[in-house]
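Engineer: Pasting a structure here, questions to come.
The values are calculated or read from the model by the stated rules, or taken from the named source; none is laboratory data. Quantities reported herein were computed from a predicted structural model and do not represent experimental measurements. We place every Cβ from the backbone using ideal geometry, glycine too, and count neighbours over all the protein chains shown.
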Amino acid sequence: MTRRFGPGPRLRGRLRPGADKSISHRAALLAAMASEPVPIRNYLRAADTLSTLAAVRALGAIVEERDEELVIRGCGLRNAHAGDGVIDVGNAGTLMRLLPGWLSFQSGESFTLDGDDSIRRRPVDRIAEPLSLMGAAVDARDGRFPPFTVHGANLTGIDYELPVPSAQVKSCVLLAGLTTDATTVIEPVATRDHTERMLMRARAPIERIRIDGGGLRTTVHNADELELDPIDVPADPSSAAFLVAAGVLVEGSQLVLEGVGVNWTRSGFLRIAERMGAIVLSELEPPGSFSEAEPIADIDVRHGPLEGTLVAPGEVPLAIDELPLVALLGCFADGETVVHGAQELRFKESDRLAAVVEGLRGLGADIEALDDGFVVRGSSGLRGGRLDARGDHRLALLGAVAGLASAEGVEVDGFEAADVSYPGFDGDLQRLSG
């Protein structure tokens, strides 16, 4: 589907963006592992998160869907069953990397996971390595790609230092550690911590210690069972970021985004945007905070002039999904905007680093790829044109915002990919534009 956006008009009003995808995935998985039914309100009903509901059903959980909430009656921590078929993760990379953590300690069971063409290009060796060290076996195509099979076992705890910052790998190892005496994940650079917070809410024995250089050391211990109170999923800061960028770039805009999660491990884009001069007013959670609660706030956004900035590698994990928007803001900023340490973008639904550079350049940007990021030389903005989403939901949304801010508008080929994370984006944009 091709959809044309822009230029303009200004965006004004209040709305609540789509529900948080990362938290929705984790809520469904941990509820399926719990011993009692768990109500989940504001669960994101998008392609990726619906794949997670289908997966937990296949493993033995019962999912009751209602208008305002869904209720998951889990099969318990140690009682997932393989069934007869392959577990289809669709396009959901989070599901593909987190679910094996739970499956790895289902002793005597084997589970095969597969997905769409995009998933089949995304490596799983980063989770296979620690799970193998713990005693599970992971058989993958060519040693590192889906489809792959997880053979459950009685696991042994490990101390594992992440070779590359990844909340998904960290989460997989922590989930696997729930049946060990102690399993520790060391991350030299902090990544999003929704799994740790939800494990704390589920009364799992978990502790976190800050280490030199700003990293973290997180340990889980053996849990007999998980118990979760009702979960309210906040609005997704990654989805909200596209509306933030639109409000900053489109002259005359002023909008309030309500009920957005402002967990400090997800607020990197807002901090970068503010540093560039964007008028984004919100009470963000202080860096280093850790509690079971997910902080929520309203975000007040207005159009304003921008200055280029340098994004260092330590900032990248806290803004990984929003870095394409940093590139877009850089097109309209004075001076250079440079991002380093973002090589992880090459392993998303597309080679997102190359796709962002090529896509924005095709719209008139002065942008250059680096080995680990990009450099944008600010100008008067973007001419407009055509952008191929390449089946990547973030690129589809990027094209839409670029169109609003451009001189001539942008036609986004494959805009339906946006339904993976933000199926209501088009409607929200129309409400804000009147």
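Engineer: Given the criteria surrounded by 18 or more Cβ atoms within 10 Å (Cβ to Cβ), modelled with pLDDT of 95 or more and part of a loop (DSSP other than H, G, I, E, B), does Leu382 qualify?
Structural biologist: yes
Engineer: Could you say whether any residue in the range 31-53 is in contact with a Phe, Trp or Tyr (Cβ under 9 Å, 6 or more places away or on another chain), part of a helix (DSSP H, G or I) and surrounded by fewer than 24 Cβ atoms within 10 Å (Cβ to Cβ)?
Structural biologist: yes
Engineer: Taking the stated definitions as given, is Ala327 surrounded by 23 or more Cβ atoms within 10 Å (Cβ to Cβ) and touching a strand residue (DSSP E or B) at 6+ places or on another chain (Cβ under 7 Å)?
Structural biologist: It is true that Ala327 is surrounded by 23 or more Cβ atoms within 10 Å (Cβ to Cβ) and touching a strand residue (DSSP E or B) at 6+ places or on another chain (Cβ under 7 Å).
Engineer: Could you grab me the full set of residues in the range 195-208 that are touching an Asp or Glu at 6+ places or on another chain (Cβ under 7 Å) and on the phi < 0 side of the Ramachandran plot? Outline the logic, then answer.
Structural biologist: Of the residues in the range 195-208, the ones touching an Asp or Glu at 6+ places or on another chain (Cβ under 7 Å) are 197, 200-203, 206, 208.
Answer for the range 195-208, where residues must be touching an Asp or Glu at 6+ places or on another chain (Cβ under 7 Å) and on the phi < 0 side of the Ramachandran plot: Arg197, Met200, Arg201, Ala202, Ile206, Arg208.
Engineer: Gly108 fails exactly one of the following numbered conditions: (1) modelled with pLDDT of 95 or more; (2) surrounded by fewer than 23 Cβ atoms within 10 Å (Cβ to Cβ); (3) not acidic (Asp, Glu). What is the number of that condition?
Structural biologist: (1)
Engineer: Any residue in the range 320-333 that is assigned by TED's automatic domain parsing to the domain that holds Pro287, modelled with pLDDT under 95 and closer than 23 Å to Asp236 by Cβ?
Structural biologist: yes
Engineer: Among the strands (runs of 3 or more DSSP E) contained in the range 125-235, which hold 2 or more residues that are within 29 Å of Gly314 (Cα to Cα)?
Structural biologist: In the range 125-235, 159-161, 182-187, 206-210, 216-221 are the strands (runs of 3 or more DSSP E) which contain 2 or more residues that are within 29 Å of Gly314 (Cα to Cα).
Engineer: Among the candidates Glu227, Glu251, Glu283, Glu258, which residue alone is modelled with pLDDT of 95 or more, over 20 Å from Asn42 (Cβ atoms) and surrounded by fewer than 20 Cβ atoms within 10 Å (Cβ to Cβ)? Even if it seems obvious, please write down each step before you answer.
Structural biologist: Values: Glu251 fails: modelled with pLDDT of 95 or more; Glu283 fails: modelled with pLDDT of 95 or more; Glu258 fails: over 20 Å from Asn42 (Cβ atoms).
Exactly one residue qualifies, and that residue is Glu227.
Engineer: Say we look at the range 200-224 and pick out the residues that are small (Gly, Ala, Ser) and in contact with a strand residue (DSSP E or B) (Cβ under 7 Å, 6 or more places away or on another chain); which of these is modelled with the lowest pLDDT? It would help to see each step written out before you state the result.
Structural biologist: Here is the first cut: in the range 200-224, the ones small (Gly, Ala, Ser) are 202, 204, 213-215, 223.
Filter again for in contact with a strand residue (DSSP E or B) (Cβ under 7 Å, 6 or more places away or on another chain), leaving 204, 215.
Details: Ala204: 97, Gly215: 88.
If we take residues in the range 200-224 being small (Gly, Ala, Ser) and in contact with a strand residue (DSSP E or B) (Cβ under 7 Å, 6 or more places away or on another chain), then Gly215 is modelled with the lowest pLDDT.
Engineer: So, one more: Give the residue that is surrounded by the fewest Cβ atoms within 10 Å (Cβ to Cβ), with candidates limited to residues of the range 129-162 that are modelled with pLDDT of 95 or more, in contact with an Asp or Glu (Cβ under 9 Å, 6 or more places away or on another chain) and closer than 24 Å to Leu345 by Cα.
Structural biologist: That would be Glu161.
Engineer: Looking at Asp388, Asp392, Asp426, can you tell me which residue is within 13 Å of Met1 (Cβ to Cβ) and in contact with an Asp or Glu (Cβ under 6 Å, 6 or more places away or on another chain)?
Structural biologist: Asp388
Engineer: For the range 207-221, state whether one or more residues are under 30 Å from Gly76 (Cα atoms), surrounded by fewer than 22 Cβ atoms within 10 Å (Cβ to Cβ) and without any contact (Cβ under 8 Å) to a residue 24 or more places away in the chain.
Structural biologist: Checked the range 207-221: at least one residue is under 30 Å from Gly76 (Cα atoms), surrounded by fewer than 22 Cβ atoms within 10 Å (Cβ to Cβ) and without any contact (Cβ under 8 Å) to a residue 24 or more places away in the chain.
Engineer: Further question: Just to be sure I understand the filter: pairs with C-beta atoms under 6 Å, separated by 6 or more residues or on different chains, first member in the range 292-317 and among the charged types (D, E, K, R), second member surrounded by 18 or more Cβ atoms within 10 Å (Cβ to Cβ) and not in a strand (DSSP E or B). Which pairs pass?
Structural biologist: Glu292/Arg197; Glu292/Met200; Glu292/Arg201; Glu294/Pro234; Glu294/Asn263; Glu307/Met276; Glu307/Ala333; Glu315/Gly268
Engineer: Cβ contacts < 6 Å: first residue closer than 20 Å to Asn91 by Cα, restricted to the range 130-146; second residue assigned to a loop (DSSP other than H, G, I, E, B), any location; separation 6+ or different chain. Result?
Structural biologist: Between residues of the range 130-146 that are closer than 20 Å to Asn91 by Cα and residues that are assigned to a loop (DSSP other than H, G, I, E, B), the close pairs are Ala140/Val124; Arg144/Pro123; Pro146/Gly115.
Engineer: Out of the range 12-30, which residues are touching a Phe, Trp or Tyr at 6+ places or on another chain (Cβ under 8 Å) and part of a loop (DSSP other than H, G, I, E, B)?
Structural biologist: Selection gives Pro17, Gly18.
Engineer: Filter the range 385-434 for residues that are closer than 23 Å to Asp366 by Cβ and of a type in the set (Lys, Arg); which is surrounded by the most Cβ atoms within 10 Å (Cβ to Cβ)?
Structural biologist: Here the answer is Arg394.
Engineer: Are any residues in the range 362-399 in contact with a strand residue (DSSP E or B) (Cβ under 8 Å, 6 or more places away or on another chain), among the aliphatic types (A, V, I, L, M) and without any contact (Cβ under 8 Å) to a residue 24 or more places away in the chain, and if so, which ones?
Structural biologist: The answer is Ala396, and nothing else.
Engineer: Quick one: would you say Arg120 is assigned to a helix (DSSP H, G or I), under 25 Å from the mean Cα position of the chain (by Cα), of a type in the set (Lys, Arg) and more than 21 Å from Glu187 (Cβ to Cβ)? Steps first, please.
Structural biologist: Values: assigned to a helix (DSSP H, G or I): yes; under 25 Å from the mean Cα position of the chain (by Cα): yes; of a type in the set (Lys, Arg): yes; more than 21 Å from Glu187 (Cβ to Cβ): yes.
So Arg120 passes the test.
Engineer: Still on this model: Restricting the search to the range 78-124, which residues are basic (Lys, Arg) and within 15 Å of Ala176 (Cα to Cα)?
Structural biologist: Arg78, Arg97
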